[in-house]
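The values are calculated or read from the model by the stated rules, or taken from the named source; none is laboratory data. Treat the numbers as computed from the prediction; the structure is a model and nothing was measured. Glycine also receives a Cβ, built like all others from the backbone with ideal geometry; neighbour counts cover every protein chain displayed.
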Amino acid sequence: MKYTELERPSCFLAQISDINKAYPKSAATLESQLASILSNPESGARIPNFGEYHLRKARINLPEYNISKARGGRVIYIRLDESKQLFMISVYLKKHYIVEDRAMKMVAKNFKSALLELKERGYPASP
């Protein structure tokens, strides 16, 4: 299935803005990597424990700052099959969340916020 659009809730926009402020030379690279996720949404690893939702985690790098995918960022997103859209949940740099549990708590919080925004925008409550 070909996905056609990336939806960006406010929680995601705030995080991407922070990354772009901290790493301004990587803004175009980050957008390119988000477009790559859109063209291949199955590339991200599925995140367990989110029920029927197909949350995925994709790795991103910031080559302008010599930050590899392993040390770089993560983008969390949901596939909405009916609308052929990917709904971005969270983006963060791994160095800010060395302990994976802290990152997943932040993702869970953003997930709840994004679900509310999904419903407000008229998207289905489930995938």
Which one of these is under 19 Å from residue 16 (Cβ atoms) and among the basic types (Lys, Arg): 84, 94, 119? 94
What are the residues in the stretch 52-73 that are under 14 Å from residue 20 (Cα atoms) and not hydrophobic (A, V, I, L, M, F, W, C), if any? 61, 63, 64, 65, 72, 73
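Residues that are over 12 Å from the mean Cα position of the chain (by Cα): which strands (runs of 3 or more DSSP E) entirely in the stretch 2-90 hold 1 or more of them?
5-7, 73-80
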Residue 88: under 15 Å from residue 13 (Cα atoms) and either in contact (Cβ under 8 Å) with a residue 60 or more places away in the chain or of a type in the set (A, V, I, L, M) (or both), yes or no? yes
Positions within the stretch 32-76 being among the aromatic types (Phe, Trp, Tyr) and modelled with pLDDT of 90 or more, in sequence order: 65
